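Everything on this sheet refers to the single structure shown next.
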Amino acid sequence: MDFHLTNEQQMLRKMYREFAENEVKPLAEEIDEEERFPMETVEKMAKLGMMGIYFPKEYGGAGGDVLSYAMCVEELAKVCGTTAVIVSAHTSLCCAPIFEHGTEEQKRKYLPDLLSGKKIGAFGLTEPNAGTDASGQQTLAVLEGDHYVLNGSKCFITNGNVADTFVVFAMTDKSKGNHGISAFIVEKDFPGFSTGKHEKKMGIRGSSTCDLIFEDCIVPKENLLGKEGKGFKIAMQTLDGGRIGIAAQALGLGEGAVNEAVKYTQERVQFGKRLSQFQNTQFQLADMHTRMQAAQYLVYAAAMKKQNHEDYSMDASMAKLFAAEAASDVTRRAVQLFGGYGYTREYPVERMMRDAKITEIYEGTSEVQRMVISSRLGVK
Ligand code: CAA
């Protein structure tokens, strides 16, 4: 696999990095502390095309590629896990399924506003009783004339409180199990739709995570996404792409922690020596960097396979599994190298450690990734 970046990819990476340093890093502590969604940052990212990176210009996208998108999420996550997941959930979980499964009419109607960042997208799959067991959907959709009526609720929805457009899954035929699940495009102003409980989280605290409630929610028939009964496949394919985004988020968080630890250990003096002069520090940093470098290869390989329309499901799961566990380990080790200061909010590594934990959980836990990988190996 050729990991050399094209000139355009190098320029984009530089732009994402500068944007992250200049516009995102200064806000990271504040939005975490205040649990505040950084709408002003989304508006700035929209102007730079960061809300629709790998979609064609004819639908309002930036005309880039999947690797550039992964690098964008990575650069954002180096300084702020919250900002990274806002872009990832919007892009992978809402824009992508509409682009990949929508009719021409649906694409023309919804994509320009989403890809230009005028509107924010979200994905409604998880329910209180259908988390890892995503096929156990209890939200119902009943066709009545020219519209579906949705009843039920979703939970833990990233971007939930700020999104305008949702890709939502519901049972249209309970007797068919996962073949009875269908996907819908739901607008926040549809009658019977509302958002509910807002979660207070351990990390990514500036991101919005809430319940979605459907009470006789009227969804026009033309908002069925894909065919009736194909919703579970659409959800699984969408999550394959989403896992590249979360893997890139984990990658950035781990790399950000390494950067902080390299800097700090060269400043801090104990026993008359800089911490970086102790072999324990040198070995820790070498291991941390090596883990993140390995994660980067997996993430970039999965992104390039998606870009080339190759089967990348297992690659996305391996990237997410490895990057998420590496990020949790590396951010925890960074806190340890900082000692007491690492445990305080004076330094960003404790936030990075809290932010990293979720990458082992959402868009499929590490256990789910192991299920996907082992089943692809034919292990029964
Ligand atoms: N692409 C296309 N089709 C797929 C697929 C994929 N990647 N994976 C499975 N399928 C198909 C299978 O081919 C099968 O089709 P048939 O029934 O026609 O044979 C069907 O889906 C069922 O497959 P399985 O029997 O493997 O499915 P399962 O019920 O055993 O579940 C699972 C497998 C891997 C555990 C899956 O349910 C899963 O990924 N669960 C985790 C869900 C998840 O990631 N949730 C996170 C939600 S989003 C979020 O986190 C919130 C947010 O906003 C960020």
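Taken together, the values in this text are just the output of simple stated rules run on the coordinates, not laboratory data. Here the structure is a predicted model, which is why all the values come from computation and not from measurement. Here the Cβ positions follow ideal geometry from the backbone for every residue, glycine too, while neighbour counts run over all protein chains shown.
Full-extension gain between F3 and T103, please, as 0.36 nm times their residue separation minus the C-alpha to C-alpha distance. Using 0.36 nm per residue and subtracting the Cα-Cα distance, I get 32.6 nm. Backbone geometry of the stretch 368-375 corresponds, through the Karplus equation with coefficients 6.51, -1.76 and 1.60 at θ = phi - 60°, to 3J(HN,Hα) couplings of 4, 4, 5, 4, 4, 5, 5, 5 Hz, x marking Gly and Pro. For the stretch 5-119, rounded, prolate or oblate, judged on the Cα gyration tensor with a ≥ b ≥ c (square roots of eigenvalues), a/c < 1.5 rounded, else prolate if a/b > b/c? The shape class here is oblate. Packing, as the average of other Cβ atoms within 10 Å across residues, places the peptides 128-139, 224-235 in the order 224-235, 128-139, highest first. Centre-to-centre, using Cα atoms only, the stretch 152-213 and the stretch 1-76 are separated by 25 Å.
FRET efficiency for the E21 to D173 pair, using the beta carbon distance and R₀ = 35 Å, is estimated at 0.10. Along the charge dipole of the chain, Cβ charges K/R +1 and D/E -1, which of I246, N129, S153 sits furthest on the positive end? After comparing all options, I get I246. As an exercise, use a Förster radius of 45 Å and the Cβ-Cβ distance of N129 and K273 to find the FRET efficiency, rounded to the nearest 0.05. Calculated transfer efficiency: 0.20. When you filter the GluC sites (Glu not before Pro) in the stretch 55-127 for DSSP loop state and at most 11 other Cβ atoms inside 10 Å of their Cβ, nothing is left. Once both labels are positioned 7 Å from their Cα atoms along Cα-to-Cβ, the gap between M202 and M39 label points is 3.0 nm.
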